[in-house]
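The values are calculated or read from the model by the stated rules, or taken from the named source; none is laboratory data. Only a predicted model underlies this, so the values are computations on that prediction, with no experimental measurement involved. Cβ: placed from backbone, ideal geometry, glycine included. Neighbour counts: every protein chain shown. Heavy atoms of the whole protein, side chains included, go into the accessibility calculation; ligands, DNA and RNA do not. Shrake-Rupley method; radii C 1.70, N 1.55, O 1.52, S 1.80 Å.
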Amino acid sequence: MSANVIALCYLVASVCFILALKGLSHPETARRGNAFGIAGMTLAVLTTLSVVLHGRIDMILAAMLIGGGIGAVAARRVQMTQMPELVAAMHSLVGLAAVLIAVAVVDNPAAFGVSPPLPMGNRLELFIGTFVGALTFSGSVIAFGKLAGLGKQFRLFSSAPVTFPGQHMVNLVLALAMLGFGAAFFMSPDKAWTPFLVMTAIAFVLGVLIIIPIGGADMPVVISMLNSYSGWAAAGIGFSLNNTMLIIAGSLVGSSGAILSYIMCKAMNRSFFSVILGGFGAEEGTAAVSAGDQTHRSGSADDAAFLMGNAESVIIVPGYGLAVARAQHAVKELAAKLTAKGVTVRYAIHPVAGRMPGHMNVLLAEAEVPYDQVLEMDEINSDFGATDVVLVLGANDVVNPLAHEKGSPIYGMPILDVAKARTVLVNKRSMASGYAGLDNPLFYMDRTMMVFGDAKKVVEDIVKALD
């Protein structure tokens, strides 16, 4: 295959990736976007294989078979509730790949078509790609542990912010040291293994330190940020391998992830630059706020059915508890029952509900909930005051009024104002705190009724009671 044909194929694949991103921007076009993404990646892989056709194609195909097999098994076994952990794991692999390829280029540049000694331009690419990849790998490992609930086994994985005195200063010193050793590698005329390896090691440590102070409520933004980092790491791999397709694809992922992070930071009242620097968790010394010893009012599924069946308007707020119980299909049936009774039913989606961006949207789309019933926070927040009943299913931090109180770890984070509704029904398994480790004053308000139990079982019982 000639160089011109290869360039054309990569260009077509890049256009497919752009169309994929455009399609994935809305649920109605998401399937088409996925199709474009699959077509683009297939073309890119086939084109790359044609480039190395006279090399060790057997090794490449074997590696693809092993990796594809692992991916296929993971795709079949991973539950929807585990998708955030899977995404974090994938990000870590991209970062580690960037580091390993950089090590290979430094060790044997001739194998990558670069005449030794390494030109300064290539050294700069390796410098940036290596530390971004290392940060992405170790940061994604910590994010995976936090999302998987491994905090009981290892404190660094705690969903609560992990802080220590002088943390920001330590991070700053390590960042300056990393850049200093990176500059030494960049300026060295030989391989300069020592500054390169020290820079990489510091980057691995820094990746851990910038993620551990981030609390559970902010983890969706972390996933978005690491998605951006993994894209830039992939672009770095592209420069190292002189592969334009990887450069383009990595840049698309990196820029789109950065834009998503910016949008989510605005939605959560966070500083975008603080996110990039990993300093947007709780401030040093910030303690979790408790609602104290208060009483709550509890009821049954029959009570909830009576209240919703006699309401004119109902808003359903899905949360991570709905995902764990896989209750989305039962919720759709509940909405259909209420609609048949003349009740107006809508869904309110917080930008960071669940454990990753778009988590609740995906669940509702899986149940084929009509898109016009699903409204984002900005669209529906002003309607809660005129709503008869709000049903909160397994959500906690995104409806927590402590976000309005100074001193709270989630202060300033916009929430769904469900407390303004005439009646609030909250379904949880227990009175345990949410992922951010905070109690919720909403649960103790006079207008709130707790309905305890598995979300799917409770919703199914409400549906039966409506008959």
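In this structure, the amide hydrogen of Ile316, modeled 1.01 Å from its nitrogen in the peptide plane, lies closer than 5 angstrom to those of Arg346, Tyr347, Ala348, Leu391, counting only residues at least 5 positions away or on a different chain.
Using the Karplus relation 6.51 cos²θ - 1.76 cosθ + 1.60 with θ = phi - 60°, the per-residue 3J(HN,Hα) values for the stretch 398-407 come to 6, 10, 8, x, 4, 5, 8, 9, 5, x Hz, with x marking Gly and Pro.
Phi angles of the stretch 154-162 translate, via the Karplus equation with coefficients 6.51, -1.76, 1.60 and θ = phi - 60°, into HN-Hα couplings of 8, 4, 4, 8, 4, 5, 7, x, 9 Hz per residue; Gly and Pro are given as x.
Taking 0.36 nm per residue of separation and subtracting the Cα-Cα distance, full extension of the segment from Met1 to Arg77 would add 23.5 nm. A Förster distance of 60 Å, applied to the separation of the beta-carbon atoms of Ala184 and Asn34, puts the FRET efficiency at 0.85.
Seen against the Cα atoms of the chain and their longest principal axis, helix 328-340 is set at about 40 degrees.
With every protein chain in place and a 1.4 angstrom probe, the accessible-area ranking of Ile410, Ile202, largest first, reads Ile202, Ile410. Compute the FRET efficiency between Glu405 and Asp372 as 1/(1 + (r/R0)^6), taking r as their Cβ-Cβ distance and R0 = 41 Å, and round to the nearest 0.05. The formula returns an efficiency of 0.75 here. Full extension of the chain between Lys191 and His54 gives 46.4 nm of extra length, using 0.36 nm per residue less the Cα-Cα distance.
Using the Cβ-Cβ distance between Asp467 and Ser300 with R0 set to 25 Å, the FRET efficiency from 1/(1 + (r/R0)^6) comes to roughly 0.95. Cross-link list Lys152/Lys428; Lys332/Lys406; Lys22/Lys456: which exceed 32 angstrom alpha carbon to alpha carbon? Flagged as over cut-off: Lys332/Lys406; Lys22/Lys456.
If one computes P(r) from the Cα atoms of the stretch 334-467, what percent of pairs lie at distances over 18 Å? Roughly 57 percent, rounded to a whole number. Averaged over its residues, the stretch 351-447 has an accessible area of 38 Å² per residue, based on protein heavy atoms and a 1.4 Å probe. Each principal axis of the Cα atoms in the stretch 118-201 has its own extent, and those three values, largest first, are 48, 26, 17 angstrom. Equivalent-ellipsoid semi-axes for the stretch 1-151 (Cα gyration tensor, √(5λ), whole Å, largest first): 29, 24, 16. Once the Cα-Cα distance is subtracted from the 0.36 nm per residue extended length, the Leu100 to Ala148 segment shows a gain of 14.7 nm. Could you give me D for the stretch 166-274, from Stokes-Einstein at 20 °C and 1.002 mPa s, where the hydrodynamic radius is the Kirkwood radius over C-alpha pairs? Units µm² s⁻¹, please. Translational diffusion coefficient: 138 µm²/s. Loop-located chymotrypsin sites (Phe, Trp or Tyr not before Pro) in the stretch 127-166 (DSSP state not H, G, I, E or B) with no more than 14 neighbouring Cβ atoms inside 10 Å: Phe154.
Extents of the chain, taken as max minus min of Cα coordinates on every principal axis and listed largest first, are 77, 52, 35 Å. Note on the stretch 402-446 and the stretch 307-348: Cα centroid distance 20 Å, given to the nearest whole angstrom. Counting only alpha carbon atoms, the long axis of helix 3-23 and the longest principal axis of the chain meet at about 10°. Of interest is the spacing of the C-alpha centroids, which for the stretch 127-206 and the stretch 45-124 amounts to 21 Å.
Surface composition of the chain: carbon plus sulfur atoms hold 64% of the accessible area, using a 1.4 angstrom probe and ignoring ligands, DNA and RNA.
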